[in-house]
């Protein structure tokens, strides 16, 4: 089966501070012409910070699009030219105050491949030591330490609804259960 | 800690076929004024279709934003006024040809709460019987049956990168392991 969609034309629609939008004219496998609106952004690094005694560091912040306070694993956008692992270390420090001896890439995720090109680089952070958090001046974010079992319960009871957090936590829980990760 | 961001002004930026964009002027907890670009769409239903012998039905399609063929659990946008469970039954049938005796809501996910209001309603579909798939004329999508263990392997080895698929499959795998779901 053929799937590929050839781009015929790219039209910039919007340039924002967080994302840009392009309208693509594409040719479908059956030769028909259609349009795809695509959100473009630089991607982000996402961190599952886990302590030796099986606690996870989560951050709480107001997410305006969903009008809710959301409990999530730490994450932040890649700066221009920044390597994902550098971004992970920087965002972990900024949002939680923790530094990690070891950052291990475990997964790449596309949060919304139907309409956004965003790519998330997911890392486990281990060997954690606590310093001072330093969020951006206008970033209202609060970090806390939770037992992994408690976080899994919050996923199961619907308290945690952020897709990257559900995916990242369940992935790491499985690594611990299978012995692929040892604390 | 205060988190809430009050909306001062809402400005429509773009109306597309898949999503609209609004620029919100908001007041931060410290009284400062800033802007939030928000993607608005009607949300979607997502289905984890699982057979009595432990197979999962996945769909393969070209995702233009990431320029890749992506292997995912079936999903589709809510039609205007449609209930999520109706949408789940409709999309399952359209994309895979399967009808489900039982659709059980297991989770709500926000794929990108930093910039999109999208909400995903995740269902398990059981009691599956195969009919004829009926995708939209210009939807190039192909469904296949995979052992759950094989799907988990494809998550672990990076073949599957779609966030809702990783979250949905690992959630259901855990339900089976804990006995919360019996096939």
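Worth pointing out:
- Burial ordering of A:138, A:37, fewest other beta-carbon atoms within 10 Å first: A:138, A:37
- Looking at chain B, the DSSP beta bridges with both ends there are about 85 percent antiparallel.
- Max mean-square fluctuation residue, GNM over chain B, Cα-Cα springs under 10 Å, options B:43, B:16, B:97: B:16
- Here A:63, B:40 are placed in order of increasing Cβ neighbour count within 10 Å, fewest first, which gives B:40, A:63.
- Residue B:9-residue B:30 pseudo-label distance in nm [points 7 Å out on the Cα-to-Cβ vector]: 2.2
- Two-decimal ratio, region B:47-183, of alpha-carbon radius of gyration to 2.2 N^0.38 Å: 1.00
- Helix A:84-96 axis versus longest C-alpha principal axis of chain A: approximately 50°, rounded to the nearest ten.
- Two-decimal Rg/Rh across region A:1-119, once Rg and the Kirkwood Rh are taken from alpha-carbon atoms: 1.08
- Equivalent ellipsoid dimensions for the protein assembly as shown as semi-axes, Å, which come from the Cα gyration tensor, largest first: 31, 27, 19
- For region B:44-178, the relative contact order is 31 percent, taking Cα pairs closer than 8 Å that sit 6 or more residues apart in sequence and dividing their mean separation by the residue count.
- Shielding by other protein chains, B:4-16, mean Cβ within 10 Å: 2
- In this structure, residue B:86 and residue A:129 have a Cβ-Cβ separation that, at R0 = 41 Å, corresponds to a calculated FRET efficiency of about 0.20.
- Helix A:163-178 axis, angle to chain A major axis (alpha carbon atoms, nearest 10°): 50
- Most mobile of A:136, A:162, A:79 in a GNM of chain A (Cα contacts under 10 Å): A:136
Every read-out reported here was derived from the displayed coordinates using simple, explicitly stated rules and does not represent laboratory data. What you see is a predicted model, and the numbers here were worked out from it, not measured in a lab. FYI the Cβ positions are ideal-geometry reconstructions off the backbone, even for glycines, and counts take in every protein chain you see.
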